[in-house]
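Working notes, structure below.
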């Protein structure tokens, strides 16, 4: 899940393009599945004072 979030948020790589890259690597995954995994990722914790 970390790779999905970093690619989407930090690298601005849309989920449909990530799915295409995974298919080239032999992994069959839909962009909707990547979206679900992205939504399951917990929010970034706030630093404690």
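The values are calculated or read from the model by the stated rules, or taken from the named source; none is laboratory data. The structure presented is a predicted model; accordingly, all values stated were derived computationally and were not measured. Note that each Cβ is placed from the backbone with ideal geometry, even for glycine, and that neighbours are counted across all protein chains shown.
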task: Considering only the stretch 8-25, state which residues are in a loop (DSSP other than H, G, I, E, B) and either closer than 12 Å to residue 38 by Cβ or modelled with pLDDT of 95 or more (or both).
output: 13, 14, 25
field: Any pair with Cβ under 8 angstrom, 6 or more apart, that starts in the stretch 1-16 at a residue that is at negative phi and surrounded by 12 or more Cβ atoms within 10 Å (Cβ to Cβ) and ends at one that is modelled with pLDDT under 90 and not in a helix (DSSP H, G or I)
entry: 4/41; 5/41
message: So, in the stretch 26-36, how many residues would count as being part of a helix (DSSP H, G or I) and more than 10 Å from the chain's Cα centre (by Cα)?
response: 1
- prompt: Mind checking which pairs have a first residue in the stretch 20-49 that is at negative phi and surrounded by 11 or more Cβ atoms within 10 Å (Cβ to Cβ) and a second that is at pLDDT 85 or above and part of a loop (DSSP other than H, G, I, E, B), Cβ under 6 Å, 6 or more apart or different chains?
  reply: 22/29
